[in-house]
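The values are calculated or read from the model by the stated rules, or taken from the named source; none is laboratory data. What you see is a predicted model, and the numbers here were worked out from it, not measured in a lab. Here the Cβ positions follow ideal geometry from the backbone for every residue, glycine too, while neighbour counts run over all protein chains shown.
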């Protein structure tokens with residue numbers, strides 16, 4: 001499908017819900033993360049990321065501190081700044097970003113290489129450990145930031161840095177005998193170079209992406225070859241990470257992509273890789289790679305994805321497991337993985353207009369992505385569990401990766417700036433524009449101007465989604481325009497209803513989108529009604545972790561029980577199958593949000609700690625009526641530490 005990029009200068013998010021998140025990112029998150037990058041957050045893990053650039057640029061003396069990919073935190077922060085400036089210009093913020101870009105340019109080596117770890121710490125080891133050291137991953141994030149900065153401001157200062165970096169990479173890697181015939185352990189460069197190609201139209205970047213994708217998993221294996229060349233040394237010898245080189249599925253490098261049957265390995269790496277592959281497949285009209293995307297998407301979305309849009313069910317390797325292995329309490333579901341899932345879904349929508357991709361994109365956004373950041377914008381989740389029992393976390397090391405409350409920052413801080421950049425760039429996900437059709441994927445309130453042949457289609461989406469069922473799409477173009485609008489009919493809604501100027505429209509539904517072809521005039525109004533009854537969700541019988549349990553969903557939002565409303569021992573609560581769920585207005589931190597209540601049952605035993613551990617007969621104790629209160633899952637852990645669970649016993 002031929003698609004055109006939506007210009008975020010021509011799109012203004014004014015959504016009552018996500019618009020507030022964008023304002024929170026502008027007013028709180030970006031300044032907070034700038035302080036974090038400069039080590040000004042008390043009681044938070046230090047970053048040292050800006051200081052690393054100063055040392056690499058020769059402006060300061062000192063030692064590198066942080067992860068080998070620490071530079072990427074700065075790049076993602078810059079990308080968030082860029083997209084934020086599209087929504088609201090800020091001269092002081094732009095000046096700060098320009099100063100950071102000047103610092104980055106000063107740290108770049110004469111040959112175009114850019115990575116403060118190797119420049120400061122190990123210059124002689126550049127490009128010797130692709131399996132572990134994230135050099136191309138870090139470069140990819142800098143390239144993404146450069147493209148965003150150029151598109152947002154028109155300035156080429158960071159883009160020139162990125163092109164020199166990309167040209168250097170192109171001089172190092174390739175099939176030629178004098179080049180390094182490898183690829184990065186953490187995919188990212190692929191999707192970044194695709195974005196750089198679209199801006200520069202430099203075909204060498206497109207060819208390089210194709211090389212990286214097709215080289216992955218070939219024999220003799222690159223990771224083994226480079227391991228032998230460096231004398232069998234590891235980057236993290238004291239942290240038991242030898243498996244990162246030896247476990248090829250971990251980095252999707254065990255087989256050529258065309259031979260991989262299932263989503264496997266590190267979840268973030270998988271979706272970053274597939275985002276680049278889907279983009280490449282579309283621009284190169286590569287049917288083989290398109291089929292790879294379809295096959296691996298279906299396995300991931302139908303067998304390895306949580307109800308929350310989380311992916312990566314095991315902590316070891318932050319990775320996928322086997323089909324239908326979706327534990328709720330030991331889950332990893334990294335925030336970055338759901339962001340990458342949104343990116344993959346967006347590229348699949350550009351590859352083919354099928355609402356299944358937008359459904360997943362919406363599920364990830366309104367649940368895991370929003371849940372990765374506290375309501376104050378200053379605390380973050382790296383891991384996103386579906387069930388938490390805080391007392392157990394302190395003693396059982398199988399839960400060492402799980403936190404019961406969000407953290408101020410992380411030593412490995414990939415998630416916080418990633419959340420910031422996706423929320424500021426949310427306009428990229430709302431629409432997919434082809435030559436003849438404007439697809440509306442997400443019902444986020446906004447005004448947009450879309451070029452249609454020699455004219456401009458102007459429209460406004462309004463409503464109070466995801467809390468209320470009615471969405472209004474108003475045409476604001478001063479001149480008539482003949483075009484097709486395609487409205488996504490969400491998978492959670494079985495009875496959507498659409499009118500145009502108070503008249504029912506023809507039901508031309510294709511792959512989950514209602515197509516409406518019309519000569520649009522100023523004042524035309526489409527009203528989309530998406531009934532949002534509270535729905536009970538059940539797992540596939542092969543998902544053993546949810547057998548006999550039910551989850552609650554309303555609209556795109558998954559709900560959960562939290563100790564603050566329901567007391568301790570959430571595992572002893574039951575939702576009868578004939579109990580009616582009631583919608584109520586939230587208060588306090590839940591103001592302007594919808595909560596759900598239902599009449600349930602709590603099984604309890606007085607002085608249970610005095611009872612024997614096991615019983616041969618019916619369990620002692622009694623069952624009392626108990627009002628169950630469900631909150632949107634993304635908002636849990638904003639009231640202190642306590643139990644939480646999504647899946648509840650049903651009778």
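Observations on the structure shown:
- Exclusive hit being more than 12 Å from residue 75 (Cα to Cα) and either at pLDDT below 95 or outside any helix (DSSP H, G or I) (or both), set 175, 152, 166: 175
- Of the numbered criteria (1) under 28 Å from the mean Cα position of the chain (by Cα); (2) assigned to a strand (DSSP E or B), the one residue 517 fails is (1).
- Filter result (surrounded by 18 or more Cβ atoms within 10 Å (Cβ to Cβ) and in contact with a helix residue (DSSP H, G or I) (Cβ under 7 Å, 6 or more places away or on another chain)) within the range 498-539: 512, 513, 539
- Criterion violated by residue 470 - all others in (1) in the same structural domain as residue 487 (by TED's automatic domain parsing); (2) surrounded by 19 or more Cβ atoms within 10 Å (Cβ to Cβ); (3) touching a strand residue (DSSP E or B) at 6+ places or on another chain (Cβ under 6 Å) satisfied: (2)
- So residue 329, is it in contact with a strand residue (DSSP E or B) (Cβ under 7 Å, 6 or more places away or on another chain), part of a loop (DSSP other than H, G, I, E, B) and not assigned by TED's automatic domain parsing to the domain that holds residue 631: yes
- Pairs where the first residue, in the range 299-325, is surrounded by fewer than 18 Cβ atoms within 10 Å (Cβ to Cβ) and the second is modelled with pLDDT under 95 and in a loop (DSSP other than H, G, I, E, B), C-beta under 6 Å, 6+ apart: none
- When residues of the range 445-461 are limited to those that are crowded, with 18+ Cβ neighbours inside 10 Å and closer than 14 Å to residue 528 by Cα, the one farthest from the chain's Cα centre (by Cα): 461
- On the stretch given as the range 47-84, residues that are without any contact (Cβ under 8 Å) to a residue 24 or more places away in the chain and under 16 Å from residue 117 (Cβ atoms) total 5.
- Matching option when the condition is at pLDDT below 95 and touching a helix residue (DSSP H, G or I) at 6+ places or on another chain (Cβ under 7 Å), among 604, 622: 604
- Candidate set: the range 183-209, residues that are more than 24 Å from the chain's Cα centre (by Cα) and assigned to a helix (DSSP H, G or I); chosen: the one nearest to residue 172 (Cα to Cα): 208
- Condition check for residue 218: out of contact with any helix residue (DSSP H, G or I) (no Cβ under 8 Å at 6 or more places or on another chain), part of a loop (DSSP other than H, G, I, E, B) and over 26 Å from residue 101 (Cα atoms): yes
Per-residue answers, yes or no, for (1) out of contact with any strand residue (DSSP E or B) (no Cβ under 7 Å at 6 or more places or on another chain); (2) modelled with pLDDT of 95 or more; (3) crowded, with 21+ Cβ neighbours inside 10 Å:
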site	(1), (2), (3)
389	yes, yes, yes
399	yes, yes, no
402	no, yes, yes
405	yes, yes, no
408	yes, no, no
412	yes, no, no
416	no, no, yes
421	yes, yes, yes
428	yes, yes, no
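- Qualifying position, being surrounded by 13 or more Cβ atoms within 10 Å (Cβ to Cβ) and farther than 27 Å from residue 144 by Cα, among 213, 262, 245, 277: 262
- Checking each residue in the range 550-568 for being in contact with a strand residue (DSSP E or B) (Cβ under 9 Å, 6 or more places away or on another chain) and over 13 Å from residue 600 (Cβ atoms) picks out 551, 553, 554, 555, 557, 558, 559, 560, 562, 563, 564.
- Set 141, 134: member being surrounded by 19 or more Cβ atoms within 10 Å (Cβ to Cβ), assigned by TED's automatic domain parsing to the domain that holds residue 211 and at positive phi: 134
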